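Structure, as structure tokens:
The values are calculated or read from the model by the stated rules, or taken from the named source; none is laboratory data. Note that the structure is a prediction, hence the values are computed from the model and not measured. Cβ: placed from backbone, ideal geometry, glycine included. Neighbour counts: every protein chain shown. These area figures cover heavy atoms from the full protein model, side chains too; ligands, DNA and RNA do not enter into them. Shrake-Rupley method; radii C 1.70, N 1.55, O 1.52, S 1.80 Å.
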Amino acid sequence: EDQVTQSPEALRLQEGESSSLNCSYTVSGLRGLFWYRQDPGKGPEFLFTLYSAGEEKEKERLKATLTKKESFLHITAPKPEDSATYLCAVQPTTSGTYKYIFGTGTRLKVLA
Amino acid sequence: ETGVTQTPRHLVMGMTNKKSLKCEQHLGHNAMYWYKQSAKKPLELMFVYSLEERVENNSVPSRFSPECPNSSHLFLHLHTLQPEDSALYLCASSQVGGLGNTIYFGEGSWLTVV
């Protein structure tokens, strides 16, 4: 069964304390893996799309990496405004092109 | 306007009311989605429309009725809802075809059923 698991469920960091969020996935084939940021009461905001193992993408303090079994979202020197829930999703090749499997997210809190 | 816009952002309705959620996408995509997001649960796919045809309906109760008049607009008609239907309802769009298709979300419509 296709599955996405995110860890940790919640993370508290001091401002400037770098860390990584994990997204483990189980699919027989990967069409794409997606990272989103979600603020309370708002829709997910797109961050990155990764297609194949070894791929990396960066945006400001965020860097996403992909292996055959998991993806990491690295946060370098985070600031309080990086506090949000980060969602991971995969689009399997074995399902229709409309199917996305979402994790339950990692709630990040960055303290000043 | 850019991206995916949803109205209203907040809605409170009684169990006997009828209301509608509206979504418009400005990305030129050919597929539109309704998702339900409840606390501590993964996003739940409700409906998918591709080129104005419904292609997926994930066993959603009939008190939720979608409508897609064209490729840019999507509605979710609500009637005789239950308190457990209170949630964040997200509209999304994507361009189907080729590699992984990034799905873009609207700001959501926060629904409270009283």
request  = Output the residues of segment B:16-46 meeting this criterion: accessible area (heavy atoms, 1.4 Å probe) in the chain alone minus accessible area with all protein chains in place is 40 Å² or greater.
outcome  = B:40, B:42, B:43
Counted charge near residue A:109, where neighbours are those whose Cβ lies closer than 10 Å (Asp, Glu -1; Lys, Arg +1) = +1
message = For chain A, set up a GNM with springs between Cα atoms under 10 Å and report which of A:24, A:95, A:83 has the largest fluctuation.
response = A:95
query = Accessible area per residue, 1.4 Å probe, Å², for segment A:43-107: what's the number?
reply = 44
task = Give me the accessible area buried between chains A and B, both sides summed, with a 1.4 Å probe, in Å² rounded to the nearest 100.
result = 1900
key: Residues whose placed amide H lies under 5 Å from that of residue B:108, excluding near-sequence neighbours   = A:43, B:6, B:91
remark   = Note, segment B:22-28: 3J(HN,Hα) by Karplus (6.51, -1.76, 1.60, θ = phi - 60°), whole Hz, Gly/Pro = x, goes 10, 9, 9, 10, 10, 9, x
request  = Output ³J(HN,Hα) for segment B:83-94: one whole-Hz value per residue in order, computed from phi by the Karplus curve 6.51 cos²θ - 1.76 cosθ + 1.60 with θ = phi - 60°, and x for Gly and Pro.
outcome  = x, 6, 7, 4, 5, 8, 9, 10, 9, 8, 9, 8
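Could you pull out the pairs from A:42/A:79; A:59/B:41; B:19/B:40; A:57/B:36; A:68/A:99 whose alpha carbons sit more than 24 Å apart here?
A:59/B:41; B:19/B:40; A:57/B:36
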key: Solvent exposure ordering (accessible area, 1.4 Å, most first) of B:10, B:29, B:79   = B:10, B:79, B:29
task = Step through the residues of segment A:91-100 one at a time and calculate ³J(HN,Hα) from phi using the Karplus curve (6.51 cos²θ - 1.76 cosθ + 1.60, θ = phi - 60°), rounding each to whole Hz and writing x for Gly and Pro.
result = 10, x, 7, 7, 9, x, 6, 9, 9, 10
ask   = Near the amide H of residue A:30, under 5 Å away, which other amide H atoms are found, from residues 5 or more places off or on another chain, if H is placed in the peptide plane?
value = A:93
